[in-house]
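Take a look at the structure set out below.
The values are calculated or read from the model by the stated rules, or taken from the named source; none is laboratory data. Note that this is a predicted model, so its numbers are computed, not measured. Heads up, the Cβs are rebuilt from the backbone with ideal geometry, glycines too, and the neighbour counts pull from every protein chain shown.
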Amino acid sequence: MKQRPKVAKQRVIAGCIALVTLCAAFAPAPPTLTVVLDAGHGGKDPGNLGTGRYSTTEKDITLDVTLRIGQYIEENLPEVEVIYTRKDNSFPGLRDRVRIANEAQADLFISIHCDAFDNAGARGAGTYVMGMHKSEESLRVAMRENASMFSEEGYERNYDGFDPNDPDTYIALSLRQNVNLDASLTLGAAIQSQFRERVGRKDRGVKQAGFYVISYTTMPSALVELGFLTNPDEEDFLRSESGKAYMASAVYRAFRDTYLAARKEDTPVPAPPEEDVKIEKTPQRVEPKHDVWFGVQICTVGEPLKPDSPELRGRTDAKAYIRHGMHKYILGHHPTPEAAHEAKVALRADGFDGAFVVAFDGEDQIPMSQARGMTNPQTP
Ligand SMILES: [Zn+2]
């Protein structure tokens, strides 16, 4: 007799499970991938003004093209969630754009911009990924786009230490974690291929530069310069319905063909190059008291990790530090970069694919170049 209620209870549970399963079968599948689309500028920040023949500016074209890219994705790839940093003429700061992407733990960040130059003959479309600029031109573009922050209230406070007009800022940026560089480069190459092959644009290539928005996002990121609004032909093209549709379609196709395909096959994000990002300029400082040491950074995340988080792979000895609002986890405490390098190689073999060496002076993370100068003062 005592068994009957139990049997009945089991039946109810079984019925509930069946119902839940049935509901799940008919409910739309949850998004498998999240992309953040970032229309450059907006509101009081017009972006570049183009030739001056029109009242519309860069911010109008970036918004229009960005909304079209999102529309193509939403219509054709229902499994992808699209998040916009703006969908109207509002002005999210550069930090807000980064925060939106990092908090959403997005899989991909694409920022849309238009270029400008003194010479009206300059033309072509280019894509940038995070890194140290290798040319004056890349530095020029990054400085111009980063200058958006001057339109923000209290930018000195919000961008502590980030001066878009100071080349040294980009040296510090170049040392940032970049496990996503290869994935970013792959996407960039696909976008440029689409621009060149399908839209017939002049291909300005994929380059690295220290743009704020793609430097502080923690996922594969690219910043697209659709063309030069200071070039009358390109401005007219980018203002036209067909021009905007072609350019948006090109970015959409590149996204669909590369990143989503890789994701569906569950291909891991490629490991970054063995070499750390090259530093073009070495600031040398001679200062009396320092406690320079080297650690191996194993991950960067927006929120603090629990000790059993998979990112830490059981390494409860990882120490966290916070920089630019991101939590970075470090293993080891080595006196020389060489010792840290050896530890890094071992950690990579252990599965920390993106591990790289970072330098500290006491509690502060400092550029590797600066640390080398401090640990080995004889080095010229
Ligand atoms: Zn721009």
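Things to note:
- Count of segment 41-69 residues, restricted to those that are under 14 Å from E235 (Cβ atoms), away from the ligand (no atom under 12 Å from the Cβ) and in a loop (DSSP other than H, G, I, E, B), is 6.
- Residue match in segment 252-261 (condition: hydrophobic (A, V, I, L, M, F, W, C), within 30 Å of T62 (Cα to Cα), surrounded by 13 or more Cβ atoms within 10 Å (Cβ to Cβ) and modelled with pLDDT of 80 or more): yes
- Taken over segment 328-350, the criterion of being surrounded by fewer than 16 Cβ atoms within 10 Å (Cβ to Cβ) and closer than 19 Å to T218 by Cα is satisfied by no residue.
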